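Reviewing the structure listed below.
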Amino acid sequence: MSKPLVSVCLITYNQAQYIKDAIEGVLAQKVTFPIELIIADDFSTDGTREIIIEYQKKYPELINLILQEKNVGPHQNWMDLIQSPVSEYIAYFEGDDYWIDDEKLQSQVDFLEAHPGSGMVCTDYRKYFALTDTMKPHFFSDRRYASEVAFKDYLLDMSSIGTATILIRRALVQDYFAGIPAEKREGFIVGDTPLWLYVAANSKISVIPRETAVYRVLGNSACHFKTPDDHYRFVLKGFEMADFFYEMYGNNDIRLLESLTQKKLKAALFHGYRIMDAYLAKTSYKKLITYPLTMKRRISAGLMLIGSHNEFMNRLTAVILRTKKSGLKRI
């Protein structure tokens, strides 16, 4: 087999129920260039490992496996996976997501070949909500991202890029690992988002407005938490990451810093409201309203402040905040 132009990197752990969909989406790709599929399994015990080994036996020229000998955790498994390719381009996704466009890779390679100034390209995607068995299309339709994901916008977002939709130049992955200190990288709560931020700051992330993948939202996924406190700790770790990239690539943009500060205050207010911590809600609210907020945002913030005082007010304001007719949105 000739050297692959694209390495598809698939990370998995105990995803036996979904891994076949992920692999089949890769096998279905119609391409004019050689590809490989690298699957990194973090010592699955639910049958996932047996499934991927069977696929590798069936497609030995296409599929390569990284089989961890013990559970090393998602970060180390991602590190081992994302640094293993020798191809020019890397596609990356997780074992519970899957591709729905058999020309995904071809269209993305064609785009990057024609746009040398772009270091990465992503696409629109669908979300499948397992708990309600519903599929929602076009989750990447934000006007800001019609053609490009800019660093400033993504620093305040850090979530909307569908990991399963990306294709990135391997040279930028290498630059990321060489340019960001290991001790800092290892402290990031996720692996992919800081890499996307690095690309946005040092190159360009382009967007192809077509749905190529489905992102599954599962009740037990890594981004769902047992308690509000667990979720807020995750959010705070995300802000630590944002602070690092602002300091490194924000060019002392005061408006960007103010927007980041507002985002932190909104998160603190929401957490105070959610756990009925009136002190946290009040202190966050007082700082937040010093910024120029829309009327809807101010009303929403005020309702959260009220709802933080006791269970009755919390339930009452929750009804108001969820009422579609009010036009209010949670901040």
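The values are calculated or read from the model by the stated rules, or taken from the named source; none is laboratory data. These numbers come from a predicted model, not from an experiment. Heads up, the Cβs are rebuilt from the backbone with ideal geometry, glycines too, and the neighbour counts pull from every protein chain shown. Only protein heavy atoms, including side chains, enter the accessible area calculation; ligands, DNA and RNA are left aside. Shrake-Rupley method; radii C 1.70, N 1.55, O 1.52, S 1.80 Å.
Conditions tested, residue by residue: (1) open to solvent by less than 30 Å² (accessible area, probe 1.4 Å); (2) more than 18 Å from the chain's Cα centre (by Cα); (3) under 18 Å from Met120 (Cα atoms); (4) at pLDDT below 95.
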| site | (1), (2), (3), (4) |
| --- | --- |
| Thr165 | yes, no, yes, no |
| Ala182 | no, yes, no, yes |
| Ala201 | no, no, yes, no |
| Val214 | yes, no, no, no |
| Glu258 | no, yes, no, no |
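Scanning the range 288-300 for residues that are in a helix (DSSP H, G or I) and within 29 Å of the chain's Cα centre (by Cα) returns Leu288, Lys296, Arg297, Arg298, Ser300. Figure legend. Inter-residue proximity from the range 3-20: first residues in a strand (DSSP E or B), second residues surrounded by fewer than 23 Cβ atoms within 10 Å (Cβ to Cβ) and aromatic (Phe, Trp, Tyr), beta-carbon distance below 9 Å, spacing 6+ or different chains. Indicated pairs: Val6/Phe33; Cys9/Trp78; Ile11/Trp78; Thr12/Tyr18.
This table checks each residue for (1) farther than 25 Å from Ser87 by Cβ; (2) small (Gly, Ala, Ser).
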{"position": "Ala164", "(1), (2)": "no, yes"}
{"position": "Arg185", "(1), (2)": "no, no"}
{"position": "Tyr215", "(1), (2)": "no, no"}
{"position": "Lys237", "(1), (2)": "yes, no"}
{"position": "Met241", "(1), (2)": "yes, no"}
{"position": "Ile254", "(1), (2)": "yes, no"}
{"position": "Lys266", "(1), (2)": "yes, no"}
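Listed conditions (1) farther than 26 Å from Val190 by Cα; (2) touching a residue at least 12 places away in the same chain (Cβ under 8 Å); (3) part of a loop (DSSP other than H, G, I, E, B); (4) out of contact with any Ser or Thr (no Cβ under 6 Å at 6 or more places or on another chain) are all met by Pro60, apart from (2). Among the residues of the range 26-61, those identified as within 28 Å of Glu113 (Cα to Cα), of a type in the set (A, V, I, L, M, F, W, C) and open to solvent by 30 Å² or more (accessible area, probe 1.4 Å) are Leu27, Ala28, Val31. Exactly one residue out of Asp153, Asp133 is open to solvent by 40 Å² or more (accessible area, probe 1.4 Å) and either at pLDDT 95 or above or under 17 Å from Tyr246 (Cβ atoms) (or both), and it is Asp153. Under the condition of being of a type in the set (Ser, Thr, Tyr) and touching a Phe, Trp or Tyr at 6+ places or on another chain (Cβ under 8 Å), the residues counted in the range 22-45 number 1.
Against the numbered list (1) touching a helix residue (DSSP H, G or I) at 6+ places or on another chain (Cβ under 6 Å); (2) under 30 Å from Phe129 (Cβ atoms), Arg297 comes up short only at (1).
Identify, from the list Phe245, Phe225, Phe234, the residue that is in contact (Cβ under 8 Å) with a residue 12 or more places away in the chain, on the phi < 0 side of the Ramachandran plot, under 22 Å from the mean Cα position of the chain (by Cα) and open to solvent by 50 Å² or more (accessible area, probe 1.4 Å). Spell out the reasoning first.
Values: Phe245 fails: open to solvent by 50 Å² or more (accessible area, probe 1.4 Å); Phe225 fails: in contact (Cβ under 8 Å) with a residue 12 or more places away in the chain.
None of the others qualify; the one that does is Phe234.
Does any residue of the range 72-88 turn out to be under 24 Å from Phe129 (Cα atoms) and at pLDDT below 95? Explain how you work it out, then say what you get.
At the first step, the residues of the range 72-88 found to be under 24 Å from Phe129 (Cα atoms) are 74.
Subset that is at pLDDT below 95: 74.
Yes.
Restricting the search to helices (runs of 4 or more DSSP H) fully inside the range 167-210 and requiring at least 2 residues that are without any contact (Cβ under 8 Å) to a residue 24 or more places away in the chain gives 170-179, 182-185.
Assess whether Gly95 counts as being more than 15 Å from Leu167 (Cα to Cα), of a type in the set (Gly, Ala, Ser) and over 24 Å from the mean Cα position of the chain (by Cα). Let's see the steps before the verdict.
Numbers: more than 15 Å from Leu167 (Cα to Cα): yes; of a type in the set (Gly, Ala, Ser): yes; over 24 Å from the mean Cα position of the chain (by Cα): no.
For Gly95, the condition - more than 15 Å from Leu167 (Cα to Cα), of a type in the set (Gly, Ala, Ser) and over 24 Å from the mean Cα position of the chain (by Cα) - is not met.
When Asp80 is tested against (1) open to solvent by 50 Å² or more (accessible area, probe 1.4 Å); (2) within 27 Å of Phe151 (Cβ to Cβ), only condition (2) is not met. Taking first residues from the range 31-46 that are at positive phi and partners that are among the basic types (Lys, Arg), the Cβ contacts under 6 Å between residues at least 6 apart in sequence or on separate chains come to Phe43/Lys70.
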